[in-house]
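Input: a single structure, listed below in structure tokens.
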Amino acid sequence: MANSNPKLPASDAASSPAVSENEAYQYCLGLLSRREHARRELRHKMEKAGVNAAVIECVLARLQADGYQCNQRFADSFTRSRIGKRHGIRKIRYELQQRGISDDIAEATLADYVDEELENAQVLIKRKAPKGDIASLLDDWKQKSKVIRSLINKGYDSEVIRLAFELLAEAA
């Protein structure tokens, strides 16, 4: 079976001509056909493949103009995926920044998931409770600390964690 990963022709400056704009565009379309990519990710992949900086800018502008690449759409897709994996908003915000998403786009996207983040925190706390007993978890400071550290590592804010524990305590 042939490898279906998109590839650019090898661009060794001494042996082959530079990658054309059309080749780079087709390469990016192949990447975007699999999942959304941030503009910075596509730029990095083309730079790594040895594409000229001027060609990169032309390709990125063309992809955006043709509607194939949109940082807002990427942020929505990425956030939905990470929330589904029960990551906290703080961690998702950091990952979006690492991918070159502006703070405005990140904040607008993450604002839609505040309620889900709280629900996810509650689900994770319930999972970590010994034998599903929330009351015993609330009484055992050592176990509760372990759960709190776990949630912080997943990117949950301390205020969300506190609120999740409060809601679970009320329900218990």
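Summary table
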item: In the range 29-54, residue surrounded by the fewest Cβ atoms within 10 Å (Cβ to Cβ) [restricted to those that are in a helix (DSSP H, G or I) and among the acidic types (Asp, Glu)]; result: 47
item: The range 93-124, subset part of a helix (DSSP H, G or I) and among the hydroxyl-bearing types (Ser, Thr, Tyr), residue surrounded by the most Cβ atoms within 10 Å (Cβ to Cβ); result: 109
item: Matching residues, the range 65-87, being assigned to a helix (DSSP H, G or I) and farther than 30 Å from residue 120 by Cα; result: 65
item: Tally of residues being surrounded by 17 or more Cβ atoms within 10 Å (Cβ to Cβ), small (Gly, Ala, Ser) and assigned to a helix (DSSP H, G or I) across the range 134-166; result: 1
item: Filter pass, residue 102 being closer than 30 Å to residue 128 by Cβ, polar (S, T, N, Q) and either outside the structural domain of residue 161 (by TED's automatic domain parsing) or free of Cβ contacts under 8 Å to residues at least 40 places away in the same chain (or both); result: no
item: Any hit, the range 126-133, residues being surrounded by fewer than 17 Cβ atoms within 10 Å (Cβ to Cβ), part of a helix (DSSP H, G or I) and touching an Asp or Glu at 6+ places or on another chain (Cβ under 9 Å); result: yes
item: Residue identified as part of a helix (DSSP H, G or I), surrounded by fewer than 18 Cβ atoms within 10 Å (Cβ to Cβ), at pLDDT 95 or above and within 13 Å of the chain's Cα centre (by Cα) among 90, 62; result: 90
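Table: residues versus (1) over 30 Å from residue 43 (Cα atoms); (2) of a type in the set (D, E, K, R).
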residue	(1), (2)
100	no, no
111	no, no
117	yes, yes
123	yes, no
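The values are calculated or read from the model by the stated rules, or taken from the named source; none is laboratory data. A quick note: this is a predicted structure, and the numbers were derived from the prediction, not measured. Neighbour counts run over all protein chains shown; Cβ positions are idealised from the backbone, glycine included.
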